[in-house]
Amino acid sequence: MSTVRRPDHRSAHRPARAAHANGLRHVLTHLITPLLMCIGMGLAYLGAFAHPAPHDLPVAVVGSGRSAQLLAQSINDKAGGDLEVRTVGDRAAAVDRLTHQAIFGAYVIPAQEAKGAKRAKGASDAVDASGAEGASGAEGAPGRAGRSGEAGAPSGSGGSRTSSGSAGRDGAGGAARPGKPVPELLVATAGSDTSATVVQKVFTPIAAQQGAPLKVTDVAPTTEDDPTGQGVFFLLVAISIGSYASVAVIGGAGAVLPLRLRTALAIGTSFVVGLIGTAFAGPVFHLVDHGLVGLWGMAWLYSAGVLLIGTGLHTFLKRWTTLGVMTLFVMLNFTSSGGIFRPEMQNGFFAALHSFWNGAGFVEGVRSHVYFDGYGLAGHVWTLVGWLVAGLVVIGVAALAEKRRRTAEAEAAAHAAAVAAAAVAATVPEPAWSGRPAGGAGPGAGHGSAHAAAALEEERDEELEEAVGV
């Protein structure tokens, strides 16, 4: 009696389980990249923006008398290294230093107060209670410098804006009498709105101690459609995303193309990205009201540098290219650009990056070009040019690496073909003699020759398989 064997369901499911295990391993391996991005973004953004505080932030006290020197020295002593206070002879010199971004605030002592050093010394005592608060007040500080006072209207294109703060009304002496000189704080919010806010928080209590409201004058205001001056930073974000996202497309979908064509695509894409960024800054959102041609030139330089470096790195990093370009042009780039906090408000690491990173070159270059009459523009443009040259160098190294790789692959293929041809030539049997052999072999000879031929054929197949394997 025969027995019927039931199918083994466990053996039937084994291939499916193996496929699921392989798929799960594949997904987990690729999850490493976004998790590393999460860690990197957290470290970069929180490390740069979580606890902003001034470090040797340059400000000035305007005046040539002893009272100005005493006030500056007193603020320096109580700031504990947060501020770097110096004296400036007159208001015009202070405005010049602000527009050259040598200082980020200038406190003009009222004329009547300049006659006595003792009162200036007493006014500076307010820094002891307000210095730390003013220094740490940068957190969440994207407001206007003069926003604590009454809003002032712009005095014209490129002019200054003034606001009269009410801080002095809470101090001794109440509101200032009509005609009484009041202290004035000069700021340049186009250079950094957050730095101007910190400076105002430092000097407002000093004016209150003198019993007068603080008059805040913005000598370099931003456009009306960009009140915080941070539109340039978000323009940097848009151009950066368009650039490094294009790297993934050129490196991935264009991997079959020669490197010279990928390089041409990168340069052409940067041209388009620069035009899109200029359109956003000008006619779309009115962040910039003049100098659009120069802005496009800097946008193109910046985007071309990012695209060329990313395209070249793809030759070496492959699927890790996205993580690599995000580290270079997001994590380290946005945080050191100075678009939110200037280097004087950050720790030493990001402050050092600000001096040569390409994002800082773009942001500071646009500010210089649009708001500060081109002062320092050449240095920022050279920063962008340097990154473009670095991109060309990376492309050159990638071209050499790809050439060597193609040469090695061609040599390996030629060697494999030579081995296979040699194996075939060694196993092909010699042609058989026509007619009967000289020994007068009988009928069994043909049968033996057939067996020998079959054995030779089998041996040749084995050698061919080994040659193909090599």
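The values are calculated or read from the model by the stated rules, or taken from the named source; none is laboratory data. Predicted model, so just to flag it, every value in this text is computed and none were measured. So basically every Cβ, Gly included, is an ideal-geometry build from the backbone, and we count neighbours across all protein chains shown. Calculation scope for accessible area: heavy atoms of the full protein, side chains included, ligands and nucleic acids excluded. Shrake-Rupley method; radii C 1.70, N 1.55, O 1.52, S 1.80 Å.
Tabulated results
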quantity: Orientation-averaged projected area, Cα convex hull of the stretch 181-231 (nm²); calculated: 3.6
quantity: Rg [Å, one decimal], Dmax [Å, integer] - the stretch 241-328, C-alpha atoms; calculated: 14.0, 43
quantity: Heavy-atom surface of the stretch 239-381, accessible at 1.4 Å and reported per residue (Å²); calculated: 37
quantity: Relative contact order %, the stretch 288-413, counting alpha carbon pairs below 8 Å whose residues are six or more apart; calculated: 37
quantity: Accessible surface of the stretch 266-338, 1.4 Å probe, proportion on carbon and sulfur as whole %; calculated: 82
quantity: Cα extents of the stretch 279-341 along the three principal axes, largest first (Å); calculated: 42, 25, 16
quantity: Surface share of carbon and sulfur [accessible, 1.4 angstrom probe, percent] for the stretch 208-256; calculated: 62
quantity: Contour minus Cα-Cα distance for V397 and F349 (0.36 nm per residue); calculated: 14.4 nm
quantity: Per-pair calculated FRET efficiency, R0 = 35 Å: R14 and V419 via Cβ, rounded to 0.05; calculated: 0.40
quantity: Modelled FRET efficiency - R0 45 Å, V284 with Q73, Cβ distances, 0.05 increments; calculated: 0.35
quantity: Pairwise FRET efficiency - A264 versus L43, Cβ, R0 = 41 Å, nearest 0.05; calculated: 0.70
quantity: Stokes-Einstein diffusion coefficient of the stretch 320-431, Kirkwood radius over Cα pairs, 37 °C, 0.692 mPa s, in µm²/s; calculated: 181
quantity: Cut-off 13 Å, label 7 Å out along Cα→Cβ of V272, residues of the stretch 230-246 by amide N; calculated: 242-243, 245-246
quantity: Residues with amide H under 5 Å from that of I109, placed H, sequence gap 5 or more; calculated: V62
